[in-house]
1. Quick one: helix 229-238 against the long Cα principal axis of the chain, what's the angle to the nearest 10°, folded into 0 to 90?
2. I want the antiparallel fraction of DSSP beta bridges within the chain, as a percent rounded to 5.
3. Between E78 and E58, what is the label-point separation in nm under the 7 Å Cα-to-beta-carbon projection?
4. Towards the positive end of the charge dipole of the chain, with charges on Cβ (+1 Lys, Arg; -1 Asp, Glu), say which of A388, P250, N125 has the farthest Cα.
5. So who's got an amide H within less than 5 Å of the one on I374, skipping anything under 5 residues away but keeping other chains? H placed 1.01 Å off N, in plane.
6. Run through all the Cα pairs of segment 190-325 and give the fraction in each 10 Å bin from 0, expressed as whole percent.
7. Can you give me the relative contact order of segment 226-304 as a percent, contacts being Cα pairs under 8 Å and 6 or more apart?
8. By how many degrees, between 0 and 90 and to the nearest 10, does the Cα long axis of helix 314-324 differ from the longest principal axis of the chain?
Amino acid sequence: MKLTRRALTSLAAASAFARPALADGWAAIEAEAKGQTVYFNAWAGADTINAYIAWAGEQLKARHGITLEHVKITDAAEVVRRVRDEVKAGKAQGSVDLVWINGENFHAMKEDNLLFGPFAADLPNFALVDIEGKPTTRIDFAEATEGLESPWGMAQLTFFGDGAKIGTPPAAMMELLDFAKNAPGRVTYPAPPDFHGTTFLKQVLVETIADRALLPMSIDAETFKKASEPLFEFLDQLHPSLWREGKQFPPSQAQVKQMLADGELLMALTFNPNEPANLVASGELAPSTIAWQHSGGTIGNTHFVAIPVNASAKAAAQVTANFLLSPEAQARKADLKVWGDPTVLDLMKLSSADAALFTGRTAPGAVAVPAPTIPEPHGSWVPLIEAAWLERYGS
């Protein structure tokens, strides 16, 4: 039988880089980590994020003797390819020690046995993670993490607009339909395949589908066609009330946001619950801006850090992942003035002193009542949703 390239890569990883057992006890891992350098491959597209990682590096150096090198990347898929090539070539001391990752990139690394672990549940601070209220901390785009990546931050579909103009915001898709009918031309969403546009369609899907049990499953075209009928029936009702009667759609979330700022629209959407508050703070939106999520929950996911199977500094990478889960690091990251990335921790699990680190984070434009997180549908839904939308409305 002829093996595929992916199968050969998996065999190479399994034979040359058998996953090592964790050291006996966390103290031993910390001792081994001292003096190591962690090459952290992380997206570098925002100054706030880069500054936060630099701060984390300062703390790791002072507390654990670890040097954190931020390898600035634009696409995690590039890192996946690099690790795969190194493993295939038998390079036991790889160039990546820690990677910021989720979604299809995690799935690719897991499938090809390119990840060290399981390690996440052995991190002391993992006990503080909100695995019950935030199920996506253990499920990455319908793929079980199985301890192969450690949660770092949250993202969730959030709507926002001027509360002085909106009044009571719509808390479900059927309420949004009524809202749009009462304000024709003042609501829209980005055209897929814009990420936010596709996420809006996923939200409609989860609120209209007859059987939600299908969502975490791989879907074929025939099953999708029937399961998605309520989705497109809803859109057929919604579109005539949208901007330009749903015959045109803005190409990006950025344009929808600008149309809101210009007063052309009444509401916009984001995947960062803290973005509206940041926009108010920067003066781009009015202080009367409000942000909300549907009461039954909105689509959300978790972003993670993972350790490649051939990482050169596995001990230090684990200590780094553990520090990033600490209440101090999570609270700083959640601070709207620092980054504004929502925490993965359960504040009820924290000491009163640590929980207090998260207080005082409210600001104009912040989500007043966070809603439950609805996990992403299986990745196989996305191309089918986008293709069906483009065929039906793209012209």
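Rule-based calculations on the coordinates, nothing more; no lab input. Computed from a predicted model, the values in this text were never measured in an experiment. FYI the Cβ positions are ideal-geometry reconstructions off the backbone, even for glycines, and counts take in every protein chain you see.
1. 50
2. Antiparallel bridges make up about 65 percent of those DSSP assigns within the chain.
3. That separation, rounded to one decimal, is 2.7 nm.
4. Farthest towards the positive pole: N125.
5. T298, I299, G300
6. Cα pair-distance distribution for segment 190-325, in percent: 9, 29, 28, 21, 11, 2.
7. 15
8. The helix 314-324 is inclined about 40 degrees to the chain.
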